[in-house]
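Q: Supplied in C-alpha cells, the structure appears directly below.
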Amino acid sequence: MLSVCVITKNEEKNIKRCLASLSGYGFELVVVDTGSTDGTIEAVREFTDRLYQFEWCDDFAAAKNYAISKAQHDLVLVVDSDEFLEPLTDIDLKKLKQLINQESAGIGRVRRRNIFVRDGIQQENREWLNRIFDRRKFHYQGRIHEQVVLRKAGQKPEKEAKTWLSPLTFLHTGYDLSPEEKERKAKRNIDLLEKELTYITAKQEELQKKNKPVEAAELEAQIPYLLYQLGKSYYMAGKSAQACEYFDRGLRFDLNPKLEYVIDMVETYGYALLNSGQEQVALSFENIYQEFGISADFQFLMGLIYMKNARFDQAISEFKKALVWPECRSVGVNSYAANYNIGVIYECLGHFEEAKESYQKCGNYEPAKKRLQLISDGM
C-alpha cells in the first residue's frame with residue numbers, strides 16, 4: 001500500500017521510537033543512513049531489512065530522493081527520524097486507504113505537533129506538511145528544508161497539484177534541543193541555506209544574461225522561501241536581530257499572503273522584532289492586518305505588539321479576539337496564553353479582581369497560578 005521512507009544519521013536515541021511507531025500497519029519501512037557512527041544502524045535492523053547507505057553530500061533533497069527510489073511502492077510517505085506517528089485506529093487506516101485511492105494525483109499532508117521547552121515551559125505548535133505522494137509524479141527539491149515539487153521543471157505544488165489532509169499525526173521533538181545542539185543545528189542549516197541561496201542567485205543571473213526570463217523567474221520564486229528559512233534558523237538560534245534582516249528581505253518580494261510559509265514568516269518576523277527590542281517597528285504590522293489578521297495566532301501577536309508599546313486597551317482587545325477562535329497553530333494563543341496576558345495587563349494597571357478572573361481562566365498554566373498566589377498573598 002505505502003512505503004515509508006526515512007533518512008537518518010546518528011539518531012540512535014530517536015530512530016527506534018520512530019520505526020516502532022510506524023510498525024504494525026502494513027507499511028514498508030525503507031531507511032537510508034547517511035553515515036551514522038553510533039548505534040543507529042543496529043536499531044534500524046530490528047525493524048526492517050530495507051536499509052541502504054548514501055554518501056552525504058550536503059543535500060537533503062538528494063538523500064530523500066535516493067530513499068524514495070529504493071521503495072517497493074510508488075506511493076511513499078516521507079518521515080524524519082525525530083518524528084513519531086501517533087497510534088492509528090482501524091478507522092484511521094480505512095480513511096487513509098480511501099483517501100489514497102481517491103486522491104492519488106495529489107499530495108497528502110500529515111499533521112505535525114512540534115513539542116519544545118521555552119523559558120522552562122513546554123510549548124507546542126502545529127502544522128500541516130506535504131509528505132505523501134506518488135514518486136513517479138513528484139520528488140524533492142532544495143538542498144535543505146526541501147519541498148515536494150512536480151517532476152516537470154518549473155511547476156510548483158501550490159499551483160499545479162491538489163493537496164489532501166490525511167488522518168496521520170506525528171509528534172516532533174526536533175526543536176527540543178540543548179543550547180549547544182541548537183547552535184550546531186543552526187550553523188549547519190545556515191551554511192547549507194547560504195550555499196543554496198548563492199547557487200540560485202548566480203543561476204538566476206546567468207539565465208537573465210542568456211535572455212531566458214521565464215526560467216530566471218522560476219528560480220527567483222525560490223529566493224523568498226530560502227530567505228524565510230534563513231530567518232527561521234537565526235530565530236531558532238536566538239539571534240532575533242539577524243532573523244529580522246532575512247525576514248525583511250523575504251517580505252520585499254510580491255508574495256501570496258495565503259501561503260503557509262508566508263504567514264509563518266510574517267508572524268515569526270513579528271516575534272523577532274519584539275525579541276530584539278524593535279517593538280515600535282512592529283507597530284507597522286497594523287498595515288498588514290487586513291491580509292493576515294484572520295487567525296488567533298496573528299491577533300495574539302498583535303496583542304503582544306500593543307502590550308509592548310503600552311497600548312493596553314488595544315492589546316486586551318486583540319487577546320480577546322484571539323480567544324474566539326476554535327483553532328490555532330501555537331497552542332494556547334486562543335486560550336490560556338491570551339487570558340494570561342490579559343491578566344498581566346490588568347494586574348499592572350492595579351485592577352486586581354479583573355486580573356484574578358483572567359488568571360483563573362488559564363487552568364493549570366503554571367505562570368498564571370503563580371500570579372494568582374502572589375495577588376492572594378498581597379491582598
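Q: Inspect segment 168-189 for any residue being surrounded by fewer than 19 Cβ atoms within 10 Å (Cβ to Cβ) and modelled with pLDDT of 95 or more and give the result as yes or no.
A: Here is the first cut: in segment 168-189, the ones surrounded by fewer than 19 Cβ atoms within 10 Å (Cβ to Cβ) are 169, 171, 173-185, 187-188.
Next cut, modelled with pLDDT of 95 or more only: 169, 171.
Yes, the conditions are met somewhere in segment 168-189.
Q: I've got another one for you. Looking for whichever is assigned by TED's automatic domain parsing to the domain that holds Ser21, farther than 30 Å from Leu219 by Cα and touching a residue at least 12 places away in the same chain (Cβ under 8 Å) here; the options are Lys97, Lys137. Which one fits?
A: Exactly one residue qualifies, and that residue is Lys97.
Q: Criterion first (under 17 Å from the mean Cα position of the chain (by Cα) and either under 29 Å from Glu366 (Cα atoms) or surrounded by fewer than 17 Cβ atoms within 10 Å (Cβ to Cβ) (or both)) does Asp264 satisfy it?
A: So Asp264 fits the description; yes.
So that you can scan it fast, the table gives a plain yes or no per residue for (1) farther than 24 Å from Phe298 by Cβ; (2) in the same structural domain as Leu301 (by TED's automatic domain parsing); (3) in contact (Cβ under 8 Å) with a residue 24 or more places away in the chain; (4) not in a loop (DSSP other than H, G, I, E, B):
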{"site": "Lys320", "(1), (2), (3), (4)": "no, yes, no, yes"}
{"site": "Gly332", "(1), (2), (3), (4)": "no, yes, yes, no"}
{"site": "Asn339", "(1), (2), (3), (4)": "no, yes, yes, yes"}
{"site": "Ile345", "(1), (2), (3), (4)": "no, yes, yes, yes"}
{"site": "Glu353", "(1), (2), (3), (4)": "yes, yes, no, yes"}
{"site": "Lys356", "(1), (2), (3), (4)": "yes, yes, no, yes"}
{"site": "Lys369", "(1), (2), (3), (4)": "yes, yes, no, yes"}
{"site": "Gln373", "(1), (2), (3), (4)": "yes, yes, no, yes"}
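Q: Also, I was wondering about something else. When segment 84-107 is examined, which residues are found to be part of a strand (DSSP E or B) and touching a Leu at 6+ places or on another chain (Cβ under 7 Å)?
A: Phe84, Leu85
Q: Restricting attention to segment 1-28, which residues are crowded, with 20+ Cβ neighbours inside 10 Å and part of a strand (DSSP E or B)?
A: Across segment 1-28, the qualifying residues are Ser3, Val4, Cys5, Val6, Ile7, Thr8.
Q: Shifting gears a bit: If you take the residues in segment 325-342 that are buried (at least 20 other Cβ atoms within 10 Å of the Cβ) and among the β-branched types (Val, Ile, Thr), which one is farthest from Lys356 (Cα to Cα)?
A: Going through the qualifying residues, I end up with Val333.
Q: Now for a different question. Among the numbered conditions (1) touching a residue at least 40 places away in the same chain (Cβ under 8 Å); (2) surrounded by 20 or more Cβ atoms within 10 Å (Cβ to Cβ); (3) over 18 Å from the mean Cα position of the chain (by Cα), tell me where Glu83 comes up short.
A: It is condition (3) that Glu83 fails.
Q: I want to confirm something. Restricting to segment 318-376 and keeping residues that are in contact with a Cys (Cβ under 7 Å, 6 or more places away or on another chain) and aromatic (Phe, Trp, Tyr), which single residue is nearest to Arg111 (Cα to Cα)?
A: Out of the qualifying residues, it is Tyr336.
Q: Given Lys232, Lys203, which one is under 17 Å from Tyr269 (Cα atoms) and either part of a helix (DSSP H, G or I) or modelled with pLDDT of 95 or more (or both)?
A: From the options Lys232, Lys203, the qualifying one is Lys232.
Q: Then there's this: Quick one: what pairs do we get from segment 295-310, first residue among the acidic types (Asp, Glu), second in a loop (DSSP other than H, G, I, E, B) and crowded, with 22+ Cβ neighbours inside 10 Å, C-beta under 7 Å, 6+ apart or different chains?
A: Going by the 7 Å Cβ cut-off, the qualifying pairs are Asp297/Val333.
Q: Would you mind finding the one in Ile132, Ile100 that is farther than 23 Å from Ser233 by Cβ, modelled with pLDDT of 95 or more and surrounded by 14 or more Cβ atoms within 10 Å (Cβ to Cβ)?
A: Only one candidate qualifies: Ile132.
So that you can scan it fast, the table gives a plain yes or no per residue for (1) of a type in the set (S, T, N, Q); (2) in contact (Cβ under 8 Å) with a residue 24 or more places away in the chain; (3) within 30 Å of Glu86 (Cα to Cα):
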position: Trp164; (1), (2), (3): no, yes, yes
position: Asp176; (1), (2), (3): no, yes, yes
position: Asp248; (1), (2), (3): no, no, no
position: Asn256; (1), (2), (3): yes, yes, no
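Q: Just to be sure, is Ala282 touching a residue at least 40 places away in the same chain (Cβ under 8 Å), part of a helix (DSSP H, G or I) and assigned by TED's automatic domain parsing to the domain that holds Tyr228? Can you show your working first?
A: Numbers: touching a residue at least 40 places away in the same chain (Cβ under 8 Å): no; part of a helix (DSSP H, G or I): yes; assigned by TED's automatic domain parsing to the domain that holds Tyr228: yes.
Answer is no for this residue.
Q: Please verify whether Ile132 is hydrophobic (A, V, I, L, M, F, W, C), closer than 27 Å to Asn256 by Cα and in contact with a helix residue (DSSP H, G or I) (Cβ under 6 Å, 6 or more places away or on another chain), treating the condition exactly as stated. Break it down into steps so the answer makes sense when it comes.
A: Working: hydrophobic (A, V, I, L, M, F, W, C): yes; closer than 27 Å to Asn256 by Cα: yes; in contact with a helix residue (DSSP H, G or I) (Cβ under 6 Å, 6 or more places away or on another chain): no.
Criteria not met by Ile132.
Q: Modelled with pLDDT of 95 or more, on the phi < 0 side of the Ramachandran plot and in a strand (DSSP E or B): is that true of His139 in this structure?
A: Against the criterion (modelled with pLDDT of 95 or more, on the phi < 0 side of the Ramachandran plot and in a strand (DSSP E or B)), His139 qualifies.
Q: Another one. Of the conditions (1) over 30 Å from Ser284 (Cβ atoms); (2) surrounded by fewer than 16 Cβ atoms within 10 Å (Cβ to Cβ), Leu192 clears all except one; give me its number.
A: Here Leu192 meets the rest and fails (2).
The values are calculated or read from the model by the stated rules, or taken from the named source; none is laboratory data. Since the model is a prediction, treat every value here as computed from it, not as a measurement. Methodologically, a virtual Cβ is constructed for each residue, glycine included, from the backbone with ideal geometry; neighbour enumeration extends over all protein chains shown.
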